[in-house]
Amino acid sequence: MNTSHQRWLLEQLPQWEREGILTPDAARTLRVRHAVDDSQPGAAQIVMGALGALLIGSGLIAVIGYNWDDFSRPVRLLFAFLPLLLTQLFSFRVLQRGAASSAWVRETAALLQALATGACIALVSQIYNLGGEWPDFLFWWFMLSLPLVWVLRSQAVAIFYLIAIAVWSVSQVDRGSPWFDSPLIYPLLLLGLLPCWPGWKNQAPLSLSMRWVMTISAIFGFGSAAVFASQSGIGFFSDHAQSFLWLWTLTAAAFALFPLNQNGIEEPLRRKPQVELGALWLLGYGVAITFHDVSDDIIRGALHALQLPWCWGLLTVLAAFVLMAVARKRWAVLSIASVALLPLIACPFVQNTDKNYGTLLSWLAMLHLAAIGITLIVLEFAGKKGAPRLGATLLSVLIIARMADSHFSLLAKGVAFIGVGVAFLAFNILMSRLLKLKQSAAV
């Protein structure tokens, strides 16, 4: 249950007590179990703090810039460091007050100091005509801003940091940089927010917006690292596109299997964007490799990717996540994530002299996805937790994809599509009626 739902529940409890729906003991238990931590900033507080900080920062820049050409170098340096000093004094005052400081005040102080840091770096570079490119400026800006996330407990600066490291990683893909100045260090940058990761034992749960920003940042960061690693392999430039596509899929499997505590596992899927987006990529990838041409490219890419250290690092991390998911009995996510490992099964049976690389892989993918779809349906009818509609959708998409790739006539394909559509609608009607029967029986 998210914070807004908890607040709504707490607001209803007095009325429910008066109406006799809940006993005082039951209401007290609910208040304790669903207590809201007001020390953490909400979305409105973050927006308020960010807007105030941006307005103040923009105003200062405009005022200073108006007479910039008339100032001497010492005066320019004063204007570069004075805002930074003032924001540090403001932050120090906020820290002195401790819990008495409101969440939005902490957010404003942190954002003002982060903006002043970036402005100071830019002004000093301009004053002394220092060389460099904008990714270098961005790197040092977000590195110097990172301590504010923990000192002032600022989610706004954390969001800025996540966006900045993703942008920096994307900008470093095609620059031919050494590994320590490339997207390969993105995992190390992400470690700066380790206690924010899903599943970490943290008293303050992450907001949904923070989870989505972190997931999207990780997608761009690890995706850029995969592209850079594929390009770095000597002799593999011709197949690097196929290589990083499979590396992306291994990354998506790691996202879906990212270790969660029991509370995280029990949360609804909409509050786990790393699982949602990872599974969506894996299922789309699985359907795509049922086409022979696509599976040919994936096999070629996997054969080259297996010679890259980044690939073996991903496989090692994925193996560890699989073991933890098995211990937590996350069978549904495991079944979907296993799609990423299908090329490993096919690669030993493929020779470099084969003209048709992907026939085996396409058949493996088709059978595997069909088994997943059928299992999701059977589990529901067996009285266990399943996902019959997802299973039916997966089977329908699989049949349509295979028919589209077949050599049947247009008439035969049209009849098949109509049949699949009718069957799918009939299955949805059946599931709706079964759900109503279960609800009636429960009443």
For Thr359 and Ile374, calculate 0.36 nm times their separation in residues minus their Cα-Cα distance, and state this gained length in nm to one decimal. 3.1 nm
Heavy atoms of His368: accessible area, 1.4 Å probe, square angstrom to 10: 50
With Val275 itself left out, Lys, Arg at +1 and Asp, Glu at -1 over residues whose Cβ is under 12 Å from its Cβ give +3
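So, with a 1.4 angstrom probe, what is the percent of accessible area on segment 109-156 that is carbon and sulfur?
Result for segment 109-156: 69 percent of the exposed heavy-atom area is carbon or sulfur.
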Computed from the beta carbon distance with a Förster radius of 35 Å, FRET efficiency for Leu306 and Phe417 to the nearest 0.05 stands at 0.35
Accessible area per residue, Å², segment 127-195 with all protein chains present, probe 1.4 Å: 47
With a 1.4 Å probe and every protein chain left in place, tell me how much accessible area Thr215 has, in Å² to the nearest 10. 10
Would you mind getting the accessible area per residue of segment 61-123, heavy atoms of the protein chains only, 1.4 Å probe, in Å²? 57
Any idea of Lys329's accessible area? Nearest 10 Å², probe 1.4 Å. 140
Shape verdict for segment 69-121, please, from the Cα gyration tensor: rounded (a/c under 1.5), prolate (a/b greater than b/c) or oblate. prolate
Just check segment 114-191 against the gyration tensor rule for me: Cα atoms, a ≥ b ≥ c as the square roots of the eigenvalues, rounded for a/c under 1.5, and otherwise prolate or oblate depending on whether a/b exceeds b/c. oblate
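Which order do you get for Tyr186, Tyr128 if you rank them by accessible area with a 1.4 Å probe, largest at the top?
Working: Tyr186 0, Tyr128 105 Å².
These residues rank, largest area first, as Tyr128, Tyr186.
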With 0.36 nm assigned to each residue of separation and the Cα-Cα distance removed, Ala99 to Met143 gains 13.2 nm
Classify segment 287-431 as rounded, prolate or oblate, taking a ≥ b ≥ c as the square roots of the eigenvalues of its Cα gyration tensor: rounded when a/c is under 1.5, otherwise prolate if a/b is larger than b/c and oblate if not. oblate
Label model pair His292, Gln88: point-to-point distance (7 angstrom along the Cα→beta-carbon line) in nm is 6.8
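Set the Förster radius R0 to 30 Å, insert the Cβ-Cβ distance between Trp16 and Asn261 as r into 1/(1 + (r/R0)^6), and round the FRET efficiency to 0.05.
The computed FRET efficiency comes out at 0.50.
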Can you figure out the FRET efficiency of Trp179 with Val326, using R₀ = 25 Å and their beta-carbon distance, to the nearest 0.05? 0.15
By how many nm would the segment from Ser338 to Arg270 lengthen if fully extended, with 0.36 nm per residue of separation less the alpha-carbon distance? 22.3 nm
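The values are calculated or read from the model by the stated rules, or taken from the named source; none is laboratory data. Predicted model, so just to flag it, every value in this text is computed and none were measured. Counting neighbours? That spans all protein chains shown, and the Cβs are built from the backbone with ideal geometry, glycine included. The protein model used for the area step is the full one, side chains on, heavy atoms only, and it has no ligands, DNA or RNA in it. Shrake-Rupley method; radii C 1.70, N 1.55, O 1.52, S 1.80 Å.
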